[in-house]
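Trainee: Could you have a look at this structure, given as structure tokens, before my questions?
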Amino acid sequence: MKPLLFALPGNELLAERLSQKMPAELGQMTLRKFPDGETYLCLLTEVAGRHVVLISSLDRPDEKMIPLWLLAKTAKAQGAKKVTLLSPYLPYMRQDKTFHPGESISTRHFADLVSGMVDHLVTVDPHLHRISRLEEIYTIPTTVLHAAQPIAKWIRTQVEKPVLIGPDSESKQWVSEVAEKAGAPYLVLEKKRFGDRQVEVSVPHLGPYRNHTPVLVDDIISTAQTMIKAVEHLWQSGAKPPVCIGVHAVFAGPAFEELKAAGAGRIVTCDTILHSSNAIDLSELYVPVFNNS
Ligand code: R5P
């Protein structure tokens, strides 16, 4: 039977695209707030015996988790055969260690929460750093998809003579793969983080790539301070206006405007989080996962 897709608010476009690209049915529900702020949910499509796919990108996750949890639990209670969460952006992946006494390793607790809600998790390029595989923290099957190919395709068609730059050592995993697929050279910078918005990034030495277009590639753009510091160095070194590419357009507060003001030539993101900078559609990535479900 075709999977039944339920789009949480803000994810309707992806659900619509998926239903056009693969055999799937769009589920209907009423999801609203009671006057006291609690969530009311009513499933209008029968879920018994169906593979239910909940589509919810989980940027700003705290306010999204209760409706999602209710939806997952309700689908199960009404007889869904399997409940999958498609969350193109997986949050709570950065506090994966105790840096100061007393701190929560929220990455692990969030993984416990999701593992207790759904049967399968599908996501794109989660921020794997000290935790190298989702299986280390999630107790349910997980499918990790990669944006490298679509990003490389965008660079090949849109940027003349690119040189890719990863702003920190973690970014090497994405930058090297994108560079190989785009047939472009790459450099990786060093980053030191002193606080949420306090970062230092080493000066990029473009060397033989001085006449290339710098393309900064990172997984998450949150406060954008990482990108901003790299952009500032590039301007100071007389490089061409850099293109900034992020997989996940988190853009906390005024981050997008600040990155533009810092001199980013173009800011481009994948559509894992809805944002005006989305230029790389990843919907094709999900199709094989659900076509065989
Ligand atoms: C962390 O290391 C990630 O790969 C990104 O570099 C980081 O999340 C970017 O954060 P921000 O935009 O706040 O500098």
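The values are calculated or read from the model by the stated rules, or taken from the named source; none is laboratory data. Source: prediction; values computed, not measured. Virtual Cβ from ideal backbone geometry, glycine too; neighbours counted across all protein chains shown. For accessibility, only protein heavy atoms count, side chains too; no ligands or nucleic acids. Shrake-Rupley method; radii C 1.70, N 1.55, O 1.52, S 1.80 Å.
Trainee: Could you work out the relative contact order of segment 175-281? I mean the mean sequence separation of Cα pairs under 8 Å and 6+ apart, divided by the number of residues, in percent.
Mentor: Relative contact order for segment 175-281 comes out at 21 percent.
Trainee: Next up: Under the rule of at least 5 residues apart or a separate chain, name every residue whose amide H is placed under 5 Å from the amide H of Leu282.
Mentor: The answer is Asp271.
Trainee: While we're on this one: To the nearest 10 degrees, how steep is helix 172-182 against the longest Cα principal axis of the chain, on a 0 to 90 scale?
Mentor: Relative to the chain, helix 172-182 is tipped by roughly 80 degrees.
Trainee: Could you list, in their original order, any pairs among Lys161/Lys192; Lys191/Lys260; Lys2/Lys153 whose Cα atoms are separated by more than 27 Å?
Mentor: Listed pairs above 27 Å: Lys161/Lys192; Lys2/Lys153.
Trainee: Could you name the aspartates and glutamates in cross-link range of Lys64, using Cα to Cα under 14 Å and dropping any fewer than eight places away on the same chain?
Mentor: Glu38
Trainee: Which of the aspartates and glutamates could a cross-linker span from Lys33 if the Cα-Cα distance has to be under 15 Å and same-chain partners fewer than 8 positions apart are dropped?
Mentor: Hits, sequence-local ones excluded: Glu63.
Trainee: Taking the Cα centroid of segment 230-293 and of segment 110-142, what is the distance between the two, rounded to the nearest whole Å?
Mentor: Their Cα centres are 24 Å away from one another.
Trainee: Can I ask one more? Solvent-accessible area of His109, probe 1.4 Å, all protein chains present, reported in Å² to the nearest ten, please.
Mentor: Accessible area, nearest 10 Å²: 110 Å².
Trainee: For the peptides 226-236, 205-215, what is the packing order when you average, over each peptide's residues, the other Cβ atoms within 10 Å and list the highest mean first?
Mentor: 226-236, 205-215
Trainee: Here's something else I'd like to know. Grab the DSSP H runs of the chain that are 4 residues or longer, score each as -39,500 (n - 2.57), total them, divide by all residues and round the 222 nm result to the nearest 500 deg cm²/dmol.
Mentor: Estimated from H runs of four or more residues: -9000 deg cm²/dmol.
Trainee: How many nm is it between the label spots at Thr139 and Asp281, if each spot is 7 Å from the Cα in line with the beta carbon?
Mentor: Between Thr139 and Asp281, the simple spin-label model gives 4.0 nm.
Trainee: Could you tell me which of Ser171, Ile105, Tyr89 has its Cα farthest along the dipole of segment 74-183 towards the positive end, charges placed at Cβ (Lys, Arg +1; Asp, Glu -1), taken about the Cα centre?
Mentor: So the residue we want is Tyr89.
Trainee: On to the next question. What is the angle, in °, between the Cα long axis of helix 106-115 and the longest principal axis of the Cα atoms in the chain? Nearest 10 is fine, range 0 to 90.
Mentor: 30
Trainee: Excluding Glu160 itself, what net charge comes from residues whose Cβ is under 13 Å from its Cβ, given Lys and Arg +1 and Asp and Glu -1?
Mentor: Counting the neighbours of Glu160, the net charge comes to +4.
Trainee: At a probe radius of 1.4 Å, what is the per-residue accessible area of Arg266, in Å² to the nearest 10?
Mentor: 110
Trainee: Gain in length, Leu113 to Glu232, computed as 0.36 nm per residue apart minus the alpha-carbon separation, to one decimal in nm?
Mentor: Gain in length upon complete extension: 38.9 nm.
Trainee: Using unit Cβ charges (K, R positive; D, E negative) and no other charged atoms, how large, in debye to the nearest 20, is the dipole of the chain about its Cα centre?
Mentor: I would put it at about 360 debye.
Trainee: Taking the Cα centre of segment 135-293 as the origin and placing charges on Cβ (Lys, Arg +1; Asp, Glu -1), which of Ala249, Gly238, Pro150 is farthest toward the positive end of the dipole?
Mentor: Gly238
Trainee: Can you compute the charge dipole magnitude of segment 1-124 about its Cα centre, using +1 on each Lys and Arg Cβ and -1 on each Asp and Glu Cβ, nothing else charged? Give it in debye, rounded to the nearest 20.
Mentor: 340
Trainee: Output the 0 to 90 degree angle, nearest 10, between the alpha-carbon long axis of helix 12-21 and the longest principal axis computed from the alpha carbons of the chain.
Mentor: The angle comes out near 80 degrees.
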